[in-house]
Amino acid sequence: YTVPSSAPGWYWTVVTAGACSSDQSNHLYIQGVGVGEHQADQVNIYPVPNDGRFNISISSEREISYKLDIYNSLGVNVYGEHTITVNGTLVTPIDLGSVASGLYTVVLRNTDNQVIRKILINK
């Protein structure tokens, strides 16, 4: 059993077989360590697959800016140097124009976070 960092406290075990239960094991106090899991901003891309035209939906509880880059399967940047600022929910339409069919990587990054999603373009 892994104790989540957000639930420190006393833990012990009891083994039950049929109608019989053991005594409790030694009680151990488990102190949460580190920090809780980072609640990343929510990023959705739709539709997938698409024809090079799709939407990126980003939801954030605070104002945050992302740099948007899109790479083809060879690692060549086919769409970049765009900054998206979000405060709440933002839907951004993307049109990659005449890119070839294939698998592409969408990368949204800022100083605190990096979000990577794969999309399939099928023309």
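Here is the figure for the range 74-121: residues that are among the hydroxyl-bearing types (S, T, Y) and under 17 Å from Q42 (Cβ atoms) total 3.
Using the structure shown, decide if N55 is polar (S, T, N, Q), under 23 Å from the mean Cα position of the chain (by Cα) and under 18 Å from K123 (Cα atoms). Yes: the conditions hold for N55.
Evaluated against (1) under 18 Å from Q114 (Cα atoms); (2) in contact with a Ser or Thr (Cβ under 8 Å, 6 or more places away or on another chain); (3) modelled with pLDDT under 90, G32 falls short on exactly one condition, (1). Restricted to the range 3-29, and to residues that are of a type in the set (F, W, Y) and loosely packed, with under 10 Cβ neighbours inside 10 Å, which residue is modelled with the lowest pLDDT? If we take residues in the range 3-29 being of a type in the set (F, W, Y) and loosely packed, with under 10 Cβ neighbours inside 10 Å, then Y29 is modelled with the lowest pLDDT.
The values are calculated or read from the model by the stated rules, or taken from the named source; none is laboratory data. The structure presented is a predicted model; accordingly, all values stated were derived computationally and were not measured. So basically every Cβ, Gly included, is an ideal-geometry build from the backbone, and we count neighbours across all protein chains shown.
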